[in-house]
Amino acid sequence: MNTPHGSYTIEVEHNIVHMRYVGMFNAATASLYAEEAKDKIRQLPYDEFFILGDLRKFLGATPDAYAIVNKFNHWVNTQNLRAKALVISNQVVAEIARERISAVKQQNLQYFKGTEEAINWFYEIENRQKVG
């Protein structure tokens, strides 16, 4: 969704929720994002799911927006999230987000430079679960 303050897309492919963020988010954009993401996750037909977040074009967010995203991540933590992979190009943005979104500390979270690496990590997790 395009808004005056940042844009995002949320797409579902099998049990992976792909989220892409562009620009700088304010509270209004963060609220729209959180509600749409919740709707997509609630509709998943799988027991467990993965989130792949692409932050390569994300520039940051206002404090209010980070608070909304943190609340969303607390909710995600109650929804059978198996793992989350964030694709980043800017370590500073990742560090700020990690500090502002404390709920991610409870998640199985890894950072990657590309989406292919991230998806391979998800497959490794699924394969370990099948073997174990």
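Rule-based calculations on the coordinates, nothing more; no lab input. Quantities reported herein were computed from a predicted structural model and do not represent experimental measurements. All Cβ positions, glycine included, derive from the backbone under ideal geometry; neighbour counts span all protein chains shown.
Quick notes
- Listed by Cβ neighbour count within 10 Å, with the fewest neighbours leading, V17, V93 appear as V93, V17.
- Charge dipole magnitude, Cβ of K and R +1, D and E -1 - the chain, Cα centre, debye nearest 20: 220 debye
- GNM flexibility winner over the chain from N26, N80, N70 (Cα, springs under 10 Å): N80
- The angle separating the long axis of helix 27-42 from the principal Cα axis of greatest extent in the chain is about 20 degrees.
- Computed from Cα positions, the angle between helix 115-131 and the longest principal axis of the chain comes to roughly 40 degrees.
- Spatially near lysine pairs across the range 7-125, Cα under 19 Å, sequence gap of 8 or more or different chains: 10
- With Cα atoms, 0 to 90° folded angle of helix 63-76 axis to the chain main axis: 20 degrees
- Using every pair of separate Cα atoms, the Kirkwood estimate puts the hydrodynamic radius of the range 7-125 at 14.2 angstrom.
- Stretchable slack from Q79 to Q107, in nm (0.36 nm times residue separation minus alpha-carbon distance): 9.0 nm
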